[in-house]
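Colleague: Sharing a structure below in structure tokens format, with a few things to ask.
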Amino acid sequence: MIRVMVCGAYGKMGREVLKAVHRDEQLSIVGAVDIKSNFDDVGELIGAGKIGVTVGNDLQTVINETKPQVMVDFTNPDTVMNNIRIAIKNGVCPVVGTTGLSEADVSEVRELCKQSRVNAIISPNFSVGAVLMMQLAQEAAKYFPHVEIIELHHDQKLDAPSGTALRTAELIMQNRGSMHQGHPAEVEKLAGSRGGNFEGIRIHSVRLPGYVAHQEVIFGGLGQTLTIRHDSISRESFMPGVLLACKRVLTVDGLVYGLENIMK
Ligand SMILES: NC(=O)C1=CN([C@@H]2O[C@H](COP(=O)(O)OP(=O)(O)OC[C@H]3O[C@@H](n4cnc5c(N)ncnc54)[C@H](OP(=O)(O)O)[C@@H]3O)[C@@H](O)[C@H]2O)C=CC1
Ligand SMILES: O=C(O)C1=N[C@H](C(=O)O)C[C@H](O)C1
């Protein structure tokens, strides 16, 4: 059994991860952390009855007391780097879904992994469908350089654009390069109407109750458009990817960035 702890245990993703890990025969929940801990039993939190593991409020203490091998982090952009540093310092392998990490953050994690010989997996999206959507978009960009991204999420999301949208734009850039899109003289009559600008790729973020996580990548060419769309209609969509990462992180080499790199 691989010993797993979860940071952000009371959150939307944290609870879903606790349920999925609890059901998995190769993984065992040994600890959980959340900033607003009431020291609840994790089993009761997920409707599985008492399992004798409580939600703590301090990561270092929980690591000392529970000796995890893997830390899953679904917290927030202000918290995640500190959690990763603590985990790696203690020889615990991070599996990170929290978005909002900068390029410098990812480089720091890569370096920490190398220095400490501890592995980590970071993925802006753990759903297989979203990974395929990104790969198909990257391929389509070879033939359709004009592209815009619309991402749609629940209205409790802290970061915009989504980590997935940024990763999609990065992947598209590898196949088409930076360019201006739209009329050279276009004017925004309302600031922000054309969305965020990632090397010419416009990214539009919708935040509404009712959504989970959705993205459309729209390509335009002469007399045609191509739309690649992915919908996470429930957070269960992320669980096979998270569980796979928990199992693979002990044996990968250093930092792996992106679920696609462990799916094959
Ligand atoms: N990679 C992927 O596939 C996915 C990534 N995500 C990302 O995961 C992250 C979490 O999403 P979601 O579950 O919806 O968010 P939630 O806000 O529902 O959950 C985050 C939890 O972390 C808690 N928290 C805040 N600060 C700390 C801290 N210092 N230590 C421990 N816990 C803390 C929050 O408490 P409080 O509410 O009090 O702040 C909350 O309970 C986001 O960055 C999101 O973008 C989400 C879905 C899929
Ligand atoms: O906050 C979310 O919900 C999600 N966040 C990730 C992102 O920012 O891309 C992954 C998924 O879109 C859900």
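Colleague: What number, in percent, do you get for the relative contact order of the chain if the mean sequence gap of Cα pairs under 8 Å and at least 6 apart is divided by its residue count? Provide the component values of the computation, followed by the final result.
Modeller: Details: 513 pairs, mean separation 53.4, N = 264.
Dividing the mean separation by the residue count of the chain yields 20 percent.
Colleague: Could I have the simple spin-label model distance between ARG117 and ALA160, label points 7 Å from Cα toward Cβ, reported in nm to one decimal?
Modeller: With each label placed 7 Å out from Cα toward Cβ, I get 4.7 nm.
Colleague: Report the label-to-label distance for ARG207 and ILE35 in nanometres (one decimal), using points 7 Å from each Cα along the Cα→Cβ vector.
Modeller: 1.5
Colleague: Something else now. Mind checking the stretch 17-81 for trypsin sites (Lys or Arg not before Pro) that DSSP puts in a loop (not H, G, I, E or B) and that have at most 12 other Cβ atoms within 10 Å?
Modeller: LYS36, LYS50
Colleague: Something else now. Given a cut-off of 26 Å, name the pairs among LYS12/LYS264; LYS36/LYS157; LYS19/LYS114 whose C-alpha atoms lie farther apart than that in the structure shown.
Modeller: Violating the 26 Å Cα-Cα cut-off are LYS12/LYS264; LYS19/LYS114.
Colleague: Compute the label zone of ALA48 within the stretch 16-36: residues whose backbone N is under 16 Å from the point 7 Å along Cα-to-Cβ.
Modeller: Taking a point 7 Å out along Cα→Cβ of ALA48, the residues of the stretch 16-36 whose backbone N falls under 16 Å are 16-33.
Colleague: Next up: Would you please classify the overall shape of the stretch 128-233 from the alpha carbon gyration tensor, given that a ≥ b ≥ c denote the square roots of the eigenvalues, rounded means a/c under 1.5, and beyond that prolate means a/b larger than b/c while oblate covers the rest?
Modeller: Oblate, because a/c is 1.5 or more while a/b does not exceed b/c.
Colleague: Counting DSSP beta bridges in the chain, what percent are antiparallel, to the nearest 5?
Modeller: On the way: 21 of 48 bridges.
The answer is about 45 percent antiparallel.
Colleague: Is there a quick way to get the dipole size of the stretch 128-233? I mean about its Cα centre, with the Cβ of Lys and Arg at +1 and of Asp and Glu at -1; what is the value in debye to the nearest 20? Before the final figure, lay out each step's value.
Modeller: Values: 9 positive and 11 negative charges, 15 e Å.
Charge dipole of the stretch 128-233: 80 debye, to the nearest 20.
Colleague: Gain in length, LEU226 to ASN76, computed as 0.36 nm per residue apart minus the alpha-carbon separation, to one decimal in nm? All intermediate terms of the calculation are to be shown ahead of the outcome.
Modeller: Working: separation 150, 0.36 × 150 = 54.00 nm, distance 3.35 nm.
Separation in residues times 0.36 nm, less the Cα-Cα distance, equals 50.7 nm.
Colleague: Shifting gears a bit: Treating the angle as unsigned and between 0 and 90°, give the value, to the nearest 10°, between the Cα long axis of helix 80-89 and the longest Cα principal axis of the chain.
Modeller: For 80-89 against the chain, the angle is about 50 degrees.
Colleague: Quick one: helix 103-116 against the long Cα principal axis of the chain, what's the angle to the nearest 10°, folded into 0 to 90?
Modeller: 40
Colleague: In the stretch 97-156, which trypsin sites (Lys or Arg not before Pro) fall in coil by DSSP and have 16 or fewer other Cβ atoms within 10 Å?
Modeller: Answer by residue number: ARG117, LYS142.
Colleague: To test your reading of the geometry: what angle, between 0 and 90 degrees and rounded to tens, separates the Cα axis of helix 12-23 from the longest principal axis of the chain?
Modeller: 50
Colleague: Could I ask something else about it? Measuring from label point to label point, each 7 Å out along Cα→Cβ, what is the GLU236 to GLU108 span in nm?
Modeller: Here the answer is 3.7 nm between the modelled labels.
Colleague: Which whole-angstrom value gives the distance between the alpha carbon centres of the stretch 84-128 and the stretch 139-194?
Modeller: The distance from the Cα centre of the stretch 84-128 to that of the stretch 139-194 comes to 26 Å.
Colleague: Using the Kirkwood radius over C-alpha pairs as Rh, can you work out the diffusion coefficient of the stretch 54-176 via Stokes-Einstein at 4 °C, viscosity 1.567 mPa s, in µm² per second?
Modeller: Diffusion coefficient, whole number: 81 µm²/s.
Colleague: On to the next question. Please sort by residue number the GluC sites (Glu not before Pro) in the stretch 163-264 whose DSSP state is loop and whose Cβ has at most 16 other Cβ atoms within 10 Å.
Modeller: Working: sites: GLU170, GLU186, GLU188, GLU199, GLU216, GLU236, GLU260; in loops: GLU186, GLU188, GLU199.
Those that pass, being in a loop and sparsely packed, are GLU186, GLU188, GLU199.
Each value in this text was obtained by applying a stated rule to the coordinates, not by laboratory testing. Note that the coordinates shown come from a computational prediction; the quantities given were computed from them, not determined experimentally. Methodologically, a virtual Cβ is constructed for each residue, glycine included, from the backbone with ideal geometry; neighbour enumeration extends over all protein chains shown.
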